[in-house]
Every structure is written in structure tokens, then in C-alpha cells.
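Here is the structure we will look at.
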Amino acid sequence: MDIDALATIRARVLSGIRDTGIIERVATEGDPEAGRATYARYLTNVWHYAQHSPRVIALAGSRATSTHPRLAEYLFRHAQEELGHEAWALEDLAKLGVTETAVRATRPVPACAAMIGFEYYIAGYANPVGLFGWLYVLEAMGDDLGHVVAERLQASQGDGVGVKFIGGHGEADKEHTAEIVEHLREHTPTDDAADVEFVADVVGDLYVRMFAEIGRS
């Protein structure tokens, strides 16, 4: 499939996230308390969607087993790798003084809730190969922003802020993004390419909206 189309979406999403101003707000030295509060809202939404990731990926893998065995194999392996990542977000939130009980009492922002529902729709009802569009966008953003934001947070907030989730993904997502691109190039028929691009486009829009809504909360 045409990876250039996904790269275009990636660039658009990265620009959109930066335009929300949330990265500067989180890592600012001018108003650290406001930055911590915004970061806590981000991690809370991370917790909401990260707990679904292994289930969604495994669901897509189960439906792709007979039609796309190599892609299904990758999805099952990736689902296992995603297990427990929501706990990383809880650890980071605990450093900010936010308890697990408080997190569980929250609801995701609308765009985050919509993204979770869309993932399940693609994995369980539509073309499961399309889920690679979602994987590509989130892994690419982790690669593009994870290390940068983690370093800026530690510089502005010090040891009192946890960066296990974004730092860990900043390390792993570069490799994950490359693996996804390789599998899409080698094992994705042309008939599935439009679905992958569509999902990447929708998820990219929702992801930018999620950041904007977190910033307005």
C-alpha cells in the first residue's frame, strides 16, 4: 500500500496536536501547577483508552486469522505487548497526587470516548485490517512526541512528575512504527489500503480533538 498517504496523515496530526498548545502548557516553567493539572487530564484519558488497546488489537487479530494470517500474527503479538500499559498511566498519576479511585470516577473527553468506540467498531465489525491505521497514528505520535515531551516535563517539573507512560512509548514506538509500516507494505493487499487510510484519517482527527478538549477542560 501507499505509505506516503499515511505519512501525510502523520504530519497533519502532529501539526494539529502542536497547534492545540497543550505540549507547551504541560511543559511550561511559568505556571507549573497549571501544567501538572493539564498533564493529569491527559494521563487520565490515556488510562481510559490504554486499557482497551490489548482487547481491541486481539479482537482484530482473531477476525484476520483466516484472511490475513501474517497480519493476525503481528496483532496478537502486539496485543500482548500492550498489556498493563494503563497501569503506567496510573503510576504517573499517583506521582501527581491523583489516586486510582479518583481516576476511575472520571469519564474520558468526548473525542477519546469516540476513538475507543471507533476502535471496537473497526476491530469487531468492519475490516479488521483497517485497525492498522489506528495503530500507525498512535505509535507514530509516540515516536514523534514521547521523548521530547518526557524530557521537557522533567526539565520543567523535576522529579515530582512521572513520565513512565510517555517515556516508555517514546522508546518503543519508533520500532513499533517501523514494524507496522513493514507489515503494511508486505502483507496488505491493495483492497485493504483504503480502509487503513480511512481509519488513520478518522483516528488522527479524533486524536487532535482529544488534545484540544483536554486543553479546554
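The values are calculated or read from the model by the stated rules, or taken from the named source; none is laboratory data. Remember, it's a predicted structure, so these values are computed and weren't measured experimentally. For neighbour counting, all protein chains shown are included, and Cβ atoms are generated from backbone atoms with ideal geometry for every residue, glycine included.
One table, with the values for the structure above:
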{"quantity": "Matching residues in region 1-18 - criterion: being farther than 18 Å from residue 181 by Cα and either more than 14 Å from the chain's Cα centre (by Cα) or not hydrophobic (A, V, I, L, M, F, W, C) (or both)", "calculated": "15, 16, 18"}
{"quantity": "Matching residues, region 72-121, being more than 18 Å from residue 166 (Cβ to Cβ) and among the charged types (D, E, K, R)", "calculated": "73, 77, 100, 104, 107, 119"}
{"quantity": "Residue among 118, 76 that alone is in contact with a Gly (Cβ under 6 Å, 6 or more places away or on another chain) and under 27 Å from residue 181 (Cα atoms)", "calculated": "76"}
{"quantity": "Lone qualifier among 62, 53 - being within 26 Å of residue 181 (Cα to Cα) and surrounded by 20 or more Cβ atoms within 10 Å (Cβ to Cβ)", "calculated": "53"}
{"quantity": "Members of region 135-160 that are closer than 17 Å to residue 45 by Cα, modelled with pLDDT under 80 and not small (Gly, Ala, Ser)", "calculated": "149"}
{"quantity": "Where residue 200 falls short, out of the listed (1) under 20 Å from residue 55 (Cβ atoms); (2) at pLDDT 95 or above; (3) crowded, with 20+ Cβ neighbours inside 10 Å", "calculated": "(1)"}
